[in-house]
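The values are calculated or read from the model by the stated rules, or taken from the named source; none is laboratory data. Here the structure is a predicted model, which is why all the values come from computation and not from measurement. So basically every Cβ, Gly included, is an ideal-geometry build from the backbone, and we count neighbours across all protein chains shown.
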Amino acid sequence: RQIVKAKKTPIIYAVIPDDLKRAFVAFLNRDRKFGDEHFYKTHAGSRKTLLWIVTEYPDVEINVIESSYTFDEKLQFSHVQFDTKERTIDYLTSKQMTESDIITLLKE
């Protein structure tokens with residue numbers, strides 16, 4: 001809101017992991033330790049917030065970046081392109097997960 005008020009053009013870069021289980025393993029192996037709940041809340045909350053932004057502020061540019069690992073375990077990033085805002089919304093809708101959804105997925 002402050003960016004819009006300042007008449008600046010906001011651009012969002014959202015990094016979404018291709019594999020939430022692998023992202024969780026990376027989270028657990030970080031030097032700075034947080035509780036597991038932090039992972040669940042941030043992943044669920046950021047996905048929800050991003051979808052809210054794209055629907056409430058259609059003029060905001062959203063760049064979706066997918067993080068993944070190569071066969072030799074190097075982290076790589078790929079820009080995900082969308083033809084229309086509707087396709088962006090569809091993609092972000094498909095990525096929605098609650099904290100419970102994430103916990104269930106990680107237990108599989």
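What are the pairs with Cβ atoms under 7 angstrom where one residue, in segment 8-29, is touching a residue at least 60 places away in the same chain (Cβ under 8 Å) and surrounded by 12 or more Cβ atoms within 10 Å (Cβ to Cβ) and the other, located anywhere, is of a type in the set (D, E, K, R) and assigned to a loop (DSSP other than H, G, I, E, B)? Sequence gap at least six, or different chains.
Ile16/Lys95
On the given criteria, is Thr88 modelled with pLDDT under 90 and touching a strand residue (DSSP E or B) at 6+ places or on another chain (Cβ under 8 Å)?
Taking the combined requirement at face value, the residue does not satisfy it.
Examine segment 62-72 for a residue that is modelled with pLDDT of 95 or more and in a helix (DSSP H, G or I), and state whether such a residue exists.
No, segment 62-72 contains no residue that is modelled with pLDDT of 95 or more and in a helix (DSSP H, G or I).
Here are some residues: Ser100, Ser46. Which one is in a helix (DSSP H, G or I), more than 28 Å from Arg1 (Cβ to Cβ) and modelled with pLDDT of 95 or more?
Ser100 is the lone residue from the list that is in a helix (DSSP H, G or I), more than 28 Å from Arg1 (Cβ to Cβ) and modelled with pLDDT of 95 or more.
Looking at His38 and the list (1) of a type outside the set (Lys, Arg); (2) in contact (Cβ under 8 Å) with a residue 24 or more places away in the chain; (3) closer than 28 Å to Arg1 by Cβ; (4) in a helix (DSSP H, G or I), which single condition is not satisfied?
(2)
What's the number of the only condition in (1) modelled with pLDDT under 95; (2) part of a strand (DSSP E or B); (3) touching a His at 6+ places or on another chain (Cβ under 8 Å) that Ala23 fails to meet?
Only one criterion is unmet by Ala23, namely (2).
Collect the residues in segment 30-62 that are surrounded by 13 or more Cβ atoms within 10 Å (Cβ to Cβ) and under 27 Å from Lys8 (Cβ atoms), keeping them in residue-number order.
If the condition is that a residue be surrounded by 13 or more Cβ atoms within 10 Å (Cβ to Cβ) and under 27 Å from Lys8 (Cβ atoms), then Thr42, Ser46, Arg47, Lys48, Leu50, Leu51, Ile53, Val54, Thr55, Tyr57, Val60, Ile62 are the ones that fit.
Would you point out the residue of segment 64-74, among those that are surrounded by 11 or more Cβ atoms within 10 Å (Cβ to Cβ) and out of contact with any Pro (no Cβ under 6 Å at 6 or more places or on another chain), that is nearest to Thr49 (Cα to Cα)?
Val64
In segment 1-47, which residues are touching a Ser or Thr at 6+ places or on another chain (Cβ under 8 Å) and not β-branched (Val, Ile, Thr)?
If the condition is that a residue be touching a Ser or Thr at 6+ places or on another chain (Cβ under 8 Å) and not β-branched (Val, Ile, Thr), then Ala14, Pro17, Asp18, Asp19, Ala23, Ala44 are the ones that fit.
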